[in-house]
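Reading through the structure tokens given below for one structure.
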Amino acid sequence: MAAHNINFETMFETTPTPLMVLDTKLCFVAANDCYLKVTDRQRDDLIGRYVFDAFPESGDRKAVIKDGFDRALAGEANKIEKLIFAIARPDGSFHDVYWTCQQEPVRDPDGRIIGVMQHPLDVSSEVATERMRDTISQEFDHRVRNILTKVSAIARRTARSTDTMQQFIAEFDPRISAMARAHQLLVHGGWERLGLAELVASELQPYASRSEGQIWIEGPNVALSSRVAQAVGMALHELATNAVKYGALQQTIGQLNVEWQVEAGALQIEWRETGLLDVGEPQTHGFGSTIIDRILPVETGGTVTRRFLPTGMVCRMVIPEPDVG
């Protein structure tokens, strides 16, 4: 097709990417349909207007944009990367978008610069993705540090209450496994919330086959935050370990009931072991008792009480203001 048959005005208007042209005084000369659409403006509202009257900017943003126009009018093509622009809505309010803008000098047939053409590209989604990635990276770093701190604390405290490496490994490994189970459930749930029923079942699952018919779990659908879920998971692990070693799950006659309810703005969890004979309070308390009696209240802002009845131990955990689903 011969060049003189091409309608460049139609091509400009229908190009599926935003384009606008300013004269040497930075007043609008042209704006194509795509530009009008992305800026939510009418052509009559723009043609002839000074660009910063049509799209008010101030401070550093105006300086950066004007510099781009001035450089193009001086003959230098240039690009402004990921700059935020305030775009007016028809109701007079504004919304911010991120644009990467290419400025090109416009020349007449004799090569003289008579204006500047700008091609803005909306990169708001890209900027949002980058911000999300940075946020996730920072959150991941925080959580990894938090996990490592907890693992280190568990290792130190476990070492204090054990006499041999074999004993240390026997107690340390299951505690880390309990943490891992809670983390796995949190990851599958998007990390934000974890159902209490799922958490209880996960911590008791290792003993389900050997304690068939001895365990009863019941309670409403309650979602725990990641911090509370991890603390409750560790406490449940210690309670289950004690039940297997000394309590209801150590004997076939024993029964374990784990029930919870939400009452007066608090989650109340009851771990009740029954069916035993002449149960007494332990004479010594190890790190497992510290997790249940001291660490859980600190991490959740709640309270823990344990009673050692003749027929079994009862542990009651009260956690304020849970999210109920």
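Put simply, of Glu13, Glu81, Glu57, Glu104 the only residue that is closer than 25 Å to Glu130 by Cβ, acidic (Asp, Glu) and open to solvent by less than 80 Å² (accessible area, probe 1.4 Å) is Glu57. Taking residues in region 172-196 that are at negative phi and open to solvent by 30 Å² or more (accessible area, probe 1.4 Å), and partners anywhere that are modelled with pLDDT under 70 and of a type outside the set (Phe, Trp, Tyr), the pairs with Cβ atoms closer than 7 Å and at least 6 places apart or on different chains are Arg193/Asp323. Please verify whether region 245-264 includes one or more residues that are of a type outside the set (Gly, Ala, Ser), part of a helix (DSSP H, G or I) and surrounded by fewer than 15 Cβ atoms within 10 Å (Cβ to Cβ). Yes, the conditions are met somewhere in region 245-264. Quick check on region 202-219. Is at least one of its residues at pLDDT 85 or above, crowded, with 23+ Cβ neighbours inside 10 Å and among the β-branched types (Val, Ile, Thr)? No, region 202-219 has no match at all. A count restricted to region 15-42 and to residues that are more than 23 Å from Leu73 (Cα to Cα) and charged (D, E, K, R) stands at 4. Residue count for region 271-303 under the criterion of being open to solvent by 30 Å² or more (accessible area, probe 1.4 Å) and assigned to a strand (DSSP E or B): the result is 3.
The values are calculated or read from the model by the stated rules, or taken from the named source; none is laboratory data. These numbers come from a predicted model, not from an experiment. Positions of Cβ are generated from backbone atoms using ideal geometry, with glycine treated the same way; all protein chains shown enter the neighbour counts. Accessible surface areas use protein heavy atoms only, side chains included; no ligands, DNA or RNA. Shrake-Rupley method; radii C 1.70, N 1.55, O 1.52, S 1.80 Å.
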